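J.: Here you go, one structure.
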Amino acid sequence: MYITDYELFEVPPRWLFLKLTTSDGTVGWGEPVVEGRSHTVVAAVEELLDNYLLGEDPARIEDHWQAMYRGGFYRGGPVLMSAIAGVDQALWDIKGKQFGAPVHELLGGRARDRIRVYQWIGGDRPADVGDAAREKVDAGFTALKMNATAEMRPIDTPATVADAVDRIAAVRESVGDEVDIGVDFHGRVSKPMVRRLAAALEPYDPMFIEEPVLPEHNDALPAIRQSTTTPIATGERMYSRWDFKEVFETDAVDLIQPDVSHAGGITELKKIASMAEAYDVSVAPHCPLGPIALASCIQVDACTPNVLIQEQSLDIHYNETSDVLDYLADPTVFEYRDGFVDIPDGDGLGIKIDEEHVREQRGNVDWHNPVWRHDDGSVAEW
């Protein structure tokens with residue numbers, strides 16, 4: 001058996017799907033994408049497949065990963081690692097189908113029967129979060145996540161901090177103490193404002209503070225972690241185990257959030273999670289993406305004991321034109337009950353893509369994140 005063909009589909013709202021086909025007709029699906037840079041990732045995937053994988057045995061996943069990563073003198077970064085990630089997911093999907101087993105069985109078997117998920121509320125510039133929180137909890141979710149704030153100046157006003165406090169206070173009042181609330185700083189907050197904002201939010205017991213500073217400032221995380229009792233999370237813009245090595249060695253985080261479509265795929269996510277386990281660090285895979293990425297995450301969640309919770313994108317504010325279930329032939333595979341989703345037991349990634357719908361939607365996408373500016377006209381972090 002060897003890889004004979006591939007096809008790429010840019011689909012709304014902002015996703016890129018890869019279909020990989022073998023000589024015996026087996027098909028694997030992957031989701032290689034950098035949100036807002038899908039055209040660039042298309043070129044990277046084409047280069048990897050044309051140079052390394054066409055005509056090769058799909059079963060040699062580790063060898064293919066090494067060749068794609070180490071075969072080029074320049075390596076790492078969001079574009080290359082996302083391209084590798086989607087190819088890797090498709091290869092695991094093929095391997096599972098060849099063996100008639102879900103991917104997690106090939107990675108050691110289940111460590112759990114279901115995985116807890118959290119639900120987004122509030123949007124990029126968070127608003128109306130109290131009512132939204134109550135609605136999602138009434139729908140069965142036991143954990144929520146929201147952005148802490150819109151854009152912030154490097155040193156901002158007390159009113160800006162007070163507004164952020166009012167929002168989480170409204171959520172806490174709406175849902176009580178039995179529901180977890182993750183707060184995403186989204187790399188928008190400077191080091192001095194992180195200290196002020198974290199201290200102000202602490203009385204409301206956030207589940208975690210996510211990406212308190214940009215990954216370029218990960219050296220600041222140990223001091224930030226020492227300044228608050230709120231768990232510190234980061235990792236969505238870190239792309240390999242080498243990127244994570246520093247935050248483990250410096251005791252900088254409590255929770256890591258590698259993205260299976262950005263950090264080298266299933267192969268690399270599993271290795272990063274195993275590294276984290278040795279440092280007593282939990283894992284909450286980042287996944288505001290489509291169904292293939294979510295399925296890939298859940299396969300790793302199933303067999304990884306230190307996974308805490310799983311992000312998922314149903315009804316997220318980005319999904320205005322299409323949602324995570326729209327591309328599945330059987331959407332019930334991601335049926336959430338009591339804040340959990342069951343581990344799929346189908347072969348490969350455990351999902352069946354509605355290819356006809358994918359083809360209908362193909363090319364109907366032009367998503368880019370906004371460029372925000374401060375009131376003086378300078379560029380702000382989004």
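J.: Which condition number in (1) in contact with a Ser or Thr (Cβ under 9 Å, 6 or more places away or on another chain); (2) part of a loop (DSSP other than H, G, I, E, B); (3) charged (D, E, K, R) is the one that E151 fails?
T.: (1) is the only condition that E151 fails.
J.: Quick one: would you say D124 is at pLDDT below 95 and touching a His at 6+ places or on another chain (Cβ under 7 Å)?
T.: Values: at pLDDT below 95: yes; touching a His at 6+ places or on another chain (Cβ under 7 Å): yes.
For D124, the condition - at pLDDT below 95 and touching a His at 6+ places or on another chain (Cβ under 7 Å) - is met.
J.: How many residues are of a type outside the set (G, A, S), on the phi < 0 side of the Ramachandran plot and in a loop (DSSP other than H, G, I, E, B) if we restrict to the range 249-286? Steps first, please.
T.: To start, the set of residues in the range 249-286 that are of a type outside the set (G, A, S) comprises 249-251, 253-260, 262, 266-272, 275, 277, 279-281, 283, 285-286.
Filter once more, so that each one left must be on the phi < 0 side of the Ramachandran plot: 249-250, 253-260, 262, 266-272, 275, 277, 279, 281, 283, 285-286.
Now restrict to residues that are in a loop (DSSP other than H, G, I, E, B): 250, 253-254, 257-258, 260, 262, 279, 281, 285.
Selection size over the range 249-286: 10.
J.: I've got another one for you. Which one of E105, E62 is charged (D, E, K, R), surrounded by fewer than 18 Cβ atoms within 10 Å (Cβ to Cβ) and more than 20 Å from D243 (Cα to Cα)?
T.: That would be E105, the only listed residue that is charged (D, E, K, R), surrounded by fewer than 18 Cβ atoms within 10 Å (Cβ to Cβ) and more than 20 Å from D243 (Cα to Cα).
J.: Can you tell me which residues in the range 121-136 are open to solvent by 20 Å² or more (accessible area, probe 1.4 Å) and in contact with an Asp or Glu (Cβ under 9 Å, 6 or more places away or on another chain)?
T.: Listed by number, the residues that qualify are G122, R125, K136.
J.: Select from the range 305-348 the residues that are polar (S, T, N, Q) and over 16 Å from A293 (Cβ atoms) and write down the one among them that is surrounded by the fewest Cβ atoms within 10 Å (Cβ to Cβ). Explain how you work it out, then say what you get.
T.: Of the range 305-348, the ones polar (S, T, N, Q) are 306, 310, 312-313, 319, 321-322, 332.
Adding the requirement that they be over 16 Å from A293 (Cβ atoms) leaves 306, 321, 332.
Numbers: N306: 17, T321: 14, T332: 8.
The residue in question is T332.
J.: Go through (1) of a type outside the set (S, T, N, Q); (2) under 30 Å from P370 (Cβ atoms); (3) surrounded by fewer than 15 Cβ atoms within 10 Å (Cβ to Cβ) and name the single condition G71 misses.
T.: That leaves (2) as the condition not met.
J.: Any residue that is assigned by the TED database to the domain that holds Q257, modelled with pLDDT of 95 or more, in a strand (DSSP E or B) and not hydroxyl-bearing (S, T, Y) - is there at least one of those in the range 156-164?
T.: Checking the range 156-164: not a single residue is assigned by the TED database to the domain that holds Q257, modelled with pLDDT of 95 or more, in a strand (DSSP E or B) and not hydroxyl-bearing (S, T, Y).
J.: Only residues in the range 269-283 that are free of Cβ contacts under 8 Å to residues at least 40 places away in the same chain count as the first member; pair them with residues that are among the small types (G, A, S) and open to solvent by less than 40 Å² (accessible area, probe 1.4 Å), Cβ under 7 angstrom, at least 6 apart or cross-chain, and list the lot.
T.: Close Cβ pairs (under 7 Å, with a partner that is among the small types (G, A, S) and open to solvent by less than 40 Å² (accessible area, probe 1.4 Å)) amount to L269/A263; I272/A263; V283/A273; V283/A276.
Conditions (1) among the aliphatic types (A, V, I, L, M); (2) in contact (Cβ under 8 Å) with a residue 24 or more places away in the chain, marked per residue:
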site: L53; (1), (2): yes, yes
site: G71; (1), (2): no, no
site: R75; (1), (2): no, no
site: M81; (1), (2): yes, yes
site: I84; (1), (2): yes, yes
site: Q89; (1), (2): no, yes
site: W92; (1), (2): no, yes
site: G96; (1), (2): no, yes
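J.: Now for a separate question. Got at least one residue in the range 134-141 being on the phi > 0 side of the Ramachandran plot and either touching a strand residue (DSSP E or B) at 6+ places or on another chain (Cβ under 8 Å) or not acidic (D, E) (or both)?
T.: For the range 134-141, residues on the phi > 0 side of the Ramachandran plot and either touching a strand residue (DSSP E or B) at 6+ places or on another chain (Cβ under 8 Å) or not acidic (D, E) (or both): present.
J.: How many residues does the range 242-294 contain that are open to solvent by less than 40 Å² (accessible area, probe 1.4 Å) and among the aromatic types (F, W, Y)?
T.: 2
J.: Taking the range 350-382 on its own, how many of its residues are open to solvent by 80 Å² or more (accessible area, probe 1.4 Å) and hydrophobic (A, V, I, L, M, F, W, C)?
T.: Number satisfying all stated conditions: 2.
J.: Could you list, in sequence order, all residues of the range 4-21 that are out of contact with any Ser or Thr (no Cβ under 6 Å at 6 or more places or on another chain) and open to solvent by less than 40 Å² (accessible area, probe 1.4 Å)?
T.: Across the range 4-21, the qualifying residues are L8, F9, V11, R14, W15, F17, L18, K19, L20.
J.: Inspect the range 292-312 for any residue being at positive phi and part of a loop (DSSP other than H, G, I, E, B) and give the result as yes or no.
T.: Looking through the range 292-312, none of the residues is at positive phi and part of a loop (DSSP other than H, G, I, E, B).
J.: Next up: Here is a check on your reading of the model: is Y239 surrounded by 23 or more Cβ atoms within 10 Å (Cβ to Cβ) and assigned by the TED database to the domain that holds R125?
T.: Judged against the criteria, Y239 is a match.
The values are calculated or read from the model by the stated rules, or taken from the named source; none is laboratory data. A quick note: this is a predicted structure, and the numbers were derived from the prediction, not measured. Neighbour counts are summed over all protein chains in view; Cβ atoms, including those assigned to glycine, are modelled from backbone coordinates with ideal geometry. Each accessible area value is taken on the protein alone, full model and side chains, heavy atoms only, with ligands, DNA and RNA left out. Shrake-Rupley method; radii C 1.70, N 1.55, O 1.52, S 1.80 Å.
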